[in-house]
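Colleague: First the structure, which I've put down as structure tokens, then a few questions once you've had a look.
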Amino acid sequence: MKFNVNSYHFKLLRDYERLSAFKEAIDDYMVEIDNGSYNNGNGDLKSSSRIAFDLGCGSGVLSYFAKDYMDNIIAIELNNSTYQLAKENLKEFDNVYVFNDDILSFDFSKLNEKADLIICEMLDTALIDEEEVPVLIYAKKYLKENGTIIPQGIINSAEPIFMNNHFIQYEDDEYAPVYIALGKPVIYSELNFLDDLDSNFSAEIEFMVYGEDDLKSMGFEEKLADEKFERFNLKDNFNIEENKLKINGIKLTTFTNLNENIICGPTPMLNPSMMVPIEEVELNCGDSVRIKLEYVMGGGVETIRTEILEIVHN
Ligand SMILES: C[S@@+](CC[C@H](N)C(=O)[O-])C[C@H]1O[C@@H](n2cnc3c(N)ncnc32)[C@H](O)[C@@H]1O
């Protein structure tokens, strides 16, 4: 199958790991469902059919993966030129209906039927900058009681870092910050999309910065001598002999639970890690620091707030 795509969707399609995770989850779904009749083949939306919503369908690739398992697929895309591509890509599959609409105002009640499956790849790191959560809050009203969502949810982790600049940036950005991790990652939230969702997120996260032994065993001082750290004099911020470290950021990493068995870490086009600046603080090796992290899922990176709540000298 040849897909017509623009450059953004070309990159999404070329991300083999992202695509294969979704393909596997959609195939797993098929194994789970019974062997009812699938494609009615006449283009009419049948009642009592097995129905999927592909929300934010983009090029239509996920509808393509699901088309043989469902009687009808409702694929919705906001962007008009992307919608045109999806319509063209999926035109020979008469059980796939592509709509050019904003999901958040789409009248699902006109379908007269709820979905067995919602596929929604509107993911981004910690779900902050894309509308996965608002879209699911809205569309879940039209999911059958025993319905399934792919992906099923996410797991977020954070780790304390020191970075060379003070902007919110993704790890894959052309001018991504140079950073060094100063503590182990902490899982700070897990979301199951079938649960009640709230776009407003707030958590207190406790990090423990590396102790002297950790720093020695990871070759911290030698690492700082690397050219990429030297260039920004990162080592001037640490005095290992006196046990003094600094942190000025946290790195957020999101893992996607496609279903109960498939977890996908960041891939080039799926949730690259995000560096978030925080107030710079000096710590001793082995200290703990408690940080408040707040954001609105779907509200954009401008909604991110951080606050240092407490430093505990261990
Ligand atoms: C990350 S892309 C994924 C595309 C496709 N599902 C895939 O996996 O290749 C998300 C898509 O959602 C669309 N989108 C974003 N907000 C939307 C909204 N409110 N309603 C409909 N589509 C939306 C974007 O235009 C984009 O094409």
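Colleague: Between helix 16-32 and the chain, what is the angle of the helix's C-alpha long axis to the longest principal axis, kept within 0 to 90° and rounded to the nearest 10?
Modeller: 50
Colleague: Under 16 Å between alpha carbons, and skipping anything fewer than 8 positions from residue 110 in its own chain: which aspartates and glutamates qualify?
Modeller: Cα-Cα hits under 16 Å: 44, 101, 102.
Colleague: Still on this structure, I have one more. Stokes-Einstein at 20 °C, 1.002 mPa s, Kirkwood radius from Cα pairs: D for segment 118-249 in µm² s⁻¹?
Modeller: Values: Rh = 17.6 Å.
So the translational diffusion coefficient is about 121 µm²/s.
Colleague: Where the only charges are on Cβ atoms (+1 Lys, Arg; -1 Asp, Glu), what is the dipole of segment 154-312 about its Cα centre, to the nearest 20 debye?
Modeller: Values: 12 positive and 31 negative charges, 33 e Å.
Computed about the Cα centre, the dipole is about 160 debye.
Colleague: Starting from 0.36 nm per residue, how many nanometres of slack lie between residue 88 and residue 244 once their C-alpha separation is accounted for? Each step should come with its number before you reach the end.
Modeller: Values: separation 156, 0.36 × 156 = 56.16 nm, distance 5.97 nm.
Value of the extension gain: 50.2 nm.
Colleague: When the chain is fully extended, how far beyond the present Cα-Cα distance does residue 184 get from residue 167, taking 0.36 nm per residue of separation?
Modeller: Details: separation 17, 0.36 × 17 = 6.12 nm, distance 2.19 nm.
That works out to 3.9 nm of additional length.
Colleague: Among 243, 258, 203, pick out the residue whose Cα is farthest towards the positive end of the charge dipole of the chain, where Lys and Arg carry +1 and Asp and Glu carry -1 on C-beta, about the Cα centre.
Modeller: Positive-most Cα among the choices belongs to 258.
Colleague: What FRET efficiency comes out for the pair residue 141/residue 192, r = Cβ-Cβ distance, R0 = 25 Å, nearest 0.05? Could the numbers behind the result be given before it?
Modeller: Details: r = 17 Å, r/R0 = 0.68.
Given R0 = 25 Å and the Cβ-Cβ separation, E is 0.90.
Colleague: Would you mind calculating the relative contact order of segment 222-271 from Cα pairs under 8 angstrom and at least 6 residues apart, reporting the percent as a whole number?
Modeller: On the way: 29 pairs, mean separation 9.2, N = 50.
Relative contact order comes out at 18 percent.
Colleague: Looking at segment 209-266 from every direction and averaging, what is the projected area of its Cα convex hull in nm²?
Modeller: Working: hull surface 23.3 nm².
Quarter of the Cα hull surface area: 5.8 nm².
Colleague: Also, quick follow-up: For residue 216, go through the lysines and keep the ones whose alpha-carbon is under 29 Å away, minus same-chain ones fewer than eight residues off.
Modeller: The reachable lysines, counting only those whose Cα sits under 29 Å from residue 216, are 184, 228, 235, 244, 246, 251.
Colleague: Give the relative contact order (percent, whole number) for the chain; include only Cα pairs under 8 Å separated by 6+ residues.
Modeller: Values: 664 pairs, mean separation 57.0, N = 314.
Reported as a whole number, the value is 18 percent.
Colleague: Equivalent-ellipsoid semi-axes (√(5λ), Cα gyration tensor) for segment 203-314, whole Å, largest first? Show your work: numbers first, answer last.
Modeller: Working: eigenvalues 156, 72, 46 Å².
Sorted largest first and rounded, they come to 28, 19, 15 Å.
Colleague: In debye to the nearest 20, how big a dipole does the chain give about its Cα centre with +1 on each Lys and Arg Cβ and -1 on each Asp and Glu Cβ? Mind dumping the intermediate values first?
Modeller: Details: 27 positive and 58 negative charges, 163 e Å.
That gives a dipole near 780 debye.
Colleague: As I understand it, the dipole of the chain uses +1 on the Cβ of Lys and Arg and -1 on the Cβ of Asp and Glu, about the Cα centre. Which of 234, 75, 134 lies farthest toward its positive end?
Modeller: The one lying farthest along the dipole's positive direction is 75.
Colleague: Helix 80-89 versus the longest principal axis of the chain: what angle, 0 to 90°, nearest 10, using Cα atoms?
Modeller: 60
Colleague: Something else now. Select from 284, 299, 59 the residue farthest towards the positive end of the dipole of the chain; place +1 on Cβ of Lys and Arg, -1 on Cβ of Asp and Glu, and compute about the Cα centre.
Modeller: Going by the Cα projections, it comes out as 59.
Colleague: As a test of understanding, state the convex hull volume per residue of the chain from its alpha carbons, in Å³.
Modeller: Values: hull volume 44.4 nm³, N = 314.
Output value, Cα hull per residue: 141 Å³.
Colleague: Can you list the GluC sites (Glu not before Pro) in segment 106-195 that are in a DSSP coil and have 10 or fewer other beta carbons within 10 angstrom? Don't skip to the answer; put the middle values down first.
Modeller: On the way: sites: 113, 121, 130, 131, 132, 145, 171, 174, 190; in loops: 113, 121, 130, 131, 171, 174.
Qualifying residues, ordered by number: 174.
Colleague: For segment 214-304, which GluC sites (Glu not before Pro) are both in a DSSP coil and crowded by at most 15 other Cβ atoms within 10 Å?
Modeller: On the way: sites: 221, 222, 227, 230, 241, 242, 260, 279, 280, 282, 294, 302; in loops: 241, 242, 260.
When the GluC sites (Glu not before Pro) of segment 214-304 are filtered for loop state and at most 15 Cβ neighbours within 10 Å, 241, 242, 260 remain.
Here, each number is a calculation from the coordinates, and none is a lab measurement. Computed from a prediction, not measured in an experiment: that's the story for all the values here. Here the Cβ is made from the backbone with ideal geometry for all residues, glycine too, and neighbour counts use every protein chain on show.
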